[in-house]
Amino acid sequence: MLHNCSSREGFVQMLNRWYRQILNHPTYRWILIVGTLVYFLSPIDLSPDFIPLLGQVDDAVLMTLLVSGLFQMISDRVRPSEPSSSPESEPDAAKVAQAIDVDAVSID
């Protein structure tokens, strides 16, 4: 049973990674967004919406994937890119070691 659980988690992670990769691909991004919204609004689902709770699970999962993927994509574009570090800007390891080295004094 534990093996089944780990394979299910692997499948969910694989699905999430695949969805985000397609969402980040400029050619397929809008197709995926529109397709997800059409699936969400469509009465035809993998699990019909008239089944209580179970019918909304697939819609909730897809909308969660879409919203989290879009937020991640937006935050990646808004976040300033980190400047590439040059050797001149990095402190010398010997200087750092000297700055951190402290003589300990016991207080008895």
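Any read-out appearing in this document is the output of simple, stated calculations on the displayed coordinates, not a laboratory observation. All of these numbers come straight from a predicted model, not from anything done at the bench. No Cβ is skipped: glycine too gets one built from the backbone with ideal geometry, and neighbour counts run over all protein chains shown.
Counted over the range 7-80 with a bin width of 10 Å, the fraction of Cα pairs per bin, in whole percents, is 18, 44, 31, 6, 1. Overall, the range 7-80 carries a charge dipole of about 440 debye about its Cα centre when +1 sits on the Cβ of Lys and Arg and -1 on the Cβ of Asp and Glu, all other atoms neutral.
With θ taken as phi - 60° and the Karplus curve 6.51 cos²θ - 1.76 cosθ + 1.60 applied, the whole-hertz 3J(HN,Hα) list for the range 64-71 is 5, 4, 5, 5, 5, x, 5, 4 Hz, x standing for glycine and proline.
Per-residue 3J(HN,Hα) values for the range 44-56, derived from phi via the Karplus relation 6.51 cos²θ - 1.76 cosθ + 1.60 with θ = phi - 60°, read 8, 10, 5, 10, x, 6, 6, 7, x, 6, 5, x, 8 Hz in sequence order (x marks Gly and Pro). Charge tally around Leu46: other residues with Cβ under 13 Å, Lys/Arg +1 each, Asp/Glu -1 each, net -4.
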